[in-house]
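Each value in this text was obtained by applying a stated rule to the coordinates, not by laboratory testing. Everything numeric here is computed off the predicted structure, so don't read it as measured data. All Cβ positions, even for glycine, are placed from backbone atoms using ideal geometry, and neighbour counts span all protein chains on display.
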């Protein structure tokens, strides 16, 4: 009996509902109990010297638990002592035997959870050298993104050394006890640099046509195979489409050649991806519909004999289950859904899908990595704090009657966490539905409807934890006097406010949330006042329906509250929809024919408009003094503290919930 | 033609803001160049050319996002980028089509730079060589990134006494120009 043969999924609801996900598959000579793979995910949780830390260890342990016997991949390791292959300051290293004990602790943690351990080799190439003045690649092609370093062309000697470093690092992975070996060749990392006509202009045997450009990959596969032997399955991740037409990257047909060459070289499984970090089209954010990229898995299945796995916009189990049944996919791979909820597949298996914390595909995780910060998740406050006892939900030392004012994301998050700890939690919401600002926000176009999933998650979690809901009940000072709770959490959110300009009291001035919920009529020429996420959402919503929209931002940037890895998508859409943007401007006057916009150096601009929408917010704190006067424990969270993003609301809610 | 005051002002503001940023960037570009070049008996022209080379690299980076090698208008778009930069700096410039799609000209009918050179007692030829260095650096970087063979040649220069500046842009056919010709990036039912 192998350690993985304990899995019998047939008795679980998920095993019956998704039979294709929970059936075994053979990769090379190894049988995997199910079709689930946690994909390699950089987390910046290791030391800057490349050693594994407790934070990184507990992070991976949770994901290993989540895959319920499937494959759990550690983040890609860099393999050279100079650090040219290092793309992230907290990336794990494997350039010396001294790293083996740390790597072994990762493998052991994965095995302790009954999962199959997968070890990834990742030389970051063109996006590497995070601690060095230059990075390396096949050719010295300039960078388009300023965050990356200039590229130094590798000599043939450099290439030979690099291949040997792959083999040596692979051997260390096996010594550490890993069961599968994986090579990363995606998104702009070194192997993809050699494969692409965009970044490989060499004229020697490592360049030229697509066959020549595959040489480095093929030699690396051979070297790694020699190092690990025939019994260890070998996986490679490669792009099916680079999405780099604008700079002369590979065609999809050339990409398929790389797939075939990898299979011929002895790969046992291929992970299909698309796009580079330099691609100028969205690939993994929520504006891309779920399942959109499955056609590339199908292309790979048709071209190759080995199993095909795929991540990227496959966030719900129904899609991969059907894809496997249809014969276009073999393994469901994911990282971000399991950053958001490490136990996601386990919950699927146990029939608790409503308890899955949904990833909203915002890419905050990526944004943090590129700013040399530890990973953070927009919706999962515990992410990267798995090892910290202060972040765990533990029983309260004394049960309290907790009154939560407001049924938005901050209040809901706080409510179920506090209830899980044993508090008597009563959540009051003045309207008759929970969700707060997520409800209008999820009406905005380009995938924002996925935000609504948070409400469903919170509803399930609150009900399970025994939160008492008081919907349609406005909390007044009298109610607080009457109930005398031990603690009050003010999570009443923010209210949309009108500005000081003359004319804000006009009949043509309306609120952003009323527009998003179709509660009011809007003219054809619209001015939106407020350049943060609510303003962007309503501007796109109206522009999508053909309105002429002008967006006024008082800030220097539009979408200051949107994370940097996502905002460019909104800006792109605003530009495509010809939304006129004024930054560092405010409204001076509103009339029934339009507005006067005034910029920070006092230029006044007339803008025609028949409707003006206000999308600026101020915190709702009117009960604060009442609670203080009563000497009741008070917590201000979410937008009621300062209007910010959904992420801030959730993190505030969780942190307050565990400390009440 | 009726004037759209909103559009006029918006365009003006955009240009003004860009100019402010260029102004600031220029200061630092010059500072870098001076640090790199300052040594006993150094020649001012070396400093000027070094500075324009640094500016050229930064300009090229700004152009990268506006160019797409898979589009048939690639060369014309480079010419348009140059005109855009020039007009932002207060010059009057336009794109003129050549004999075929592989040839475009940029013509400057007005340029305030020689006047400034005169004001600060700098040689006129330095102005021409500086401009050339800037454009050649931009073109070199474009060729490197897009794997193309674009050439730029200065045919007339106001500082040399010509009535206008004229630069000829040509391109040789390469694989990168043709490999994605006509291809549309399609995602499911959505064109992206």
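Any number yet on Rg/Rh for the stretch A:537-660, C-alpha, Kirkwood?
Details: Rg = 18.6 Å, Rh = 17.2 Å.
A ratio of 1.08.
Which FRET efficiency value, to the nearest 0.05, do you get for residue A:474 and residue A:424 by plugging their Cβ-Cβ distance into 1/(1 + (r/R0)^6) with R0 = 22 Å?
It comes out at approximately 0.60.
For the pair residue A:394 and residue A:147, label points projected 7 Å from Cα toward Cβ lie 3.6 nm apart.
Sorted fewest first by neighbouring Cβ atoms within 10 angstrom, A:95, A:332 come out as A:95, A:332.
Measuring r between the beta carbons of residue A:521 and residue A:624 and using R0 = 45 Å, the FRET efficiency lands at 0.80. Helix A:646-657: angle to the longest alpha-carbon principal axis of chain A, degrees 0 to 90, nearest 10? Once rounded, the angle reads 80 degrees. The order of B:160, A:554, going from fewest to most other C-beta atoms within 10 Å of their C-beta, is B:160, A:554. A full extension of the chain between residue B:88 and residue B:19 corresponds to an added length of 24.2 nm, given 0.36 nm per residue minus the alpha carbon distance.
Between the Cα long axis of helix A:533-544 and the first principal axis of chain A there is an angle of about 80°, rounded to the nearest 10. Please list, in order, the residues from the stretch B:99-127 whose amide nitrogen is less than 18 Å from a point placed 7 Å along the Cα→Cβ vector of residue B:164. Counting only backbone N, you get B:99-100, B:103-114. Using R0 = 30 Å, the C-beta based FRET efficiency linking residue A:460 and residue A:545 works out to 0.35.
When a footprinting reagent is the concern and you count Cβ atoms within 10 Å, what order do A:238, B:75 take, fewest first? Write down the numbers at each step before the final one.
Working: A:238 24, B:75 21.
Arranged by neighbour count, lowest to highest, A:238, B:75 become B:75, A:238.
The distance from the alpha carbon centre of the stretch A:49-101 to that of the stretch B:9-67 is 42 Å, rounded to a whole number.
Taking label points 7 Å from Cα along the Cα-to-Cβ direction, residue A:589 and residue A:433 give a separation of 4.0 nm. Modelled this way, with points 7 Å down the Cα-to-C-beta line, the labels at residue B:110 and residue A:633 are 7.2 nm from one another.
Determine, for each peptide in A:56-62, B:39-45, the mean count of other beta carbons within 10 angstrom over its residues, then list the peptides with the highest first. Could you put the intermediate results ahead of the total?
Working: A:56-62: 23.1, B:39-45: 8.9.
Highest mean packing first, the order is A:56-62, B:39-45.
Here the contact order of chain A, divided by its residue count and restricted to Cα pairs under 8 Å and six or more residues apart, works out to 11 percent.
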